[in-house]
Amino acid sequence: KKYKNILFFKIKYQKFKKIIKINNKEFFKTRVNREKKYTIFLDIAAPFHFDQIKNGFKPINYKYYYSKINKLFSQISKISKTRIIIFPHPKYYKHTKYFSKKFKVVKKNQDLYLKKSKLVLLHHTSSIFKAINFKIKILQIQSLKFNNFIWTYNNFFKKKYKLDDIYLEENNANKIKKKVSKLSRFYKEIEFDDKVDNLNLISKHIFPNEK
């Protein structure tokens, strides 16, 4: 510590090893990283989604699914130092009771969480636009236990949006860490308006030939 005379006053100050100007990119990068404290899961209630059932497909066992996904999310939460936030499917909210109590289910004001999110997890969903809007990294969750209905839709999204994926059954912490840390920033293929619901826009992008 040293003292410096300024306008006849003796001011105590410390020497710092590094000075970062307020408009320096490093400052803002540090600030942004500090604010990214959530990981979002765009839930489709895979074991209960009726579309697969009405088309004659047997869903993945719900006890197996939630057991595996809770363990995977806990690992991702620990590795990324973020809290898991569940965005529930509007038709299947009651099934969020099977998620770990450590995770938070959010129905309203979701944008407030997206703005502070480091990662978005999903299987397949038109709500992918939520991640695109906020330029958030995306990791798709697959499973060999999924039926052909879910598997086909997952693969469609994987190819359409060049998604990185991880298996529901993965329990190796090093492999999970490697997968999460090497995710590339989501490539923004289409322009969105952050102020409106872009469901129709994303649907047209996914299925351009449907009227």
Which pairs break 23 Å Cα to Cα here: K97/K178; K37/K130; K81/K179; K108/K179; K81/K101? K97/K178; K108/K179
Within the range 116-135, list the residues whose amide N lies under 16 Å from a label point set 7 Å along Cα→Cβ of D165. 121-126
In Å², nearest 10: area of V180 left accessible to a 1.4 Å probe: 20 Å²
Qualifying trypsin sites (Lys or Arg not before Pro) for the range 32-110 [loop in DSSP, other Cβ within 10 Å: at most 13]: K81, K91, K101, K102, K107, K108
So how much slack lies between N109 and K175, counting 0.36 nm per residue of separation and subtracting their Cα-Cα distance, in nm? 20.4 nm
Rounded to one decimal in nm, the spacing of the 7 Å Cα→Cβ label points at N55 and E35 is 4.0 nm
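The values are calculated or read from the model by the stated rules, or taken from the named source; none is laboratory data. Model, not experiment: these values are computed from the prediction. Glycine also receives a Cβ, built like all others from the backbone with ideal geometry; neighbour counts cover every protein chain displayed. SASA here: full protein model, heavy atoms, side chains in, ligands and nucleic acids out. Shrake-Rupley method; radii C 1.70, N 1.55, O 1.52, S 1.80 Å.
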